[in-house]
1. Step by step: first the residues of segment 36-66, then only those that are aliphatic (A, V, I, L, M) and in contact (Cβ under 8 Å) with a residue 24 or more places away in the chain, then the one that is nearest to W21 (Cα to Cα). Which residue is that?
2. Would you be able to tell me the number of residues in segment 1-27 that are loosely packed, with under 11 Cβ neighbours inside 10 Å and touching a helix residue (DSSP H, G or I) at 6+ places or on another chain (Cβ under 9 Å)?
3. Could you check how many residues of segment 28-68 are farther than 21 Å from N2 by Cβ, more than 10 Å from the chain's Cα centre (by Cα), surrounded by 13 or more Cβ atoms within 10 Å (Cβ to Cβ) and not β-branched (V, I, T)?
4. Would you check which residues across segment 17-35 are out of contact with any Lys or Arg (no Cβ under 7 Å at 6 or more places or on another chain) and either part of a strand (DSSP E or B) or in contact (Cβ under 8 Å) with a residue 24 or more places away in the chain (or both) and list them?
5. If A37 meets every condition in (1) at pLDDT 95 or above; (2) out of contact with any Ser or Thr (no Cβ under 7 Å at 6 or more places or on another chain) apart from one, which number is that one?
Amino acid sequence: MNILENYLVETKSVEPYEEGWTKEAPFNEQKFLKVKAVFNCYGRKQEETHILTTDEWEKIKREGYYLG
């Protein structure tokens, strides 16, 4: 499987995310976000929902894409 760049086009919403598993080790030391955004992968724009750590989301915003 190839890893492709998915470019951030538009952020629809960002909300804090808490479920039972986020309170268990090893996840309990991280904060999670539910992110709805439009991503472009080789011309295919699609709205996606991701559960990300705050660090992952900051990296996507800073770099403008994620590999997936």
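1. Of everything passing the filter in segment 36-66, I51 is nearest to W21 (Cα to Cα).
2. Residues flagged as loosely packed, with under 11 Cβ neighbours inside 10 Å and touching a helix residue (DSSP H, G or I) at 6+ places or on another chain (Cβ under 9 Å) within segment 1-27 amount to 1.
3. The qualifying residues number 1.
4. At the first step, the residues of segment 17-35 found to be out of contact with any Lys or Arg (no Cβ under 7 Å at 6 or more places or on another chain) are 18-35.
The answer is Q30, F32, L33, K34, V35.
5. (2)
The values are calculated or read from the model by the stated rules, or taken from the named source; none is laboratory data. On a predicted model such as this, the values are computed, not experimentally measured, just so you know. Note that we place each Cβ from the backbone using ideal geometry, even for glycine, and neighbour counts take in every protein chain shown.
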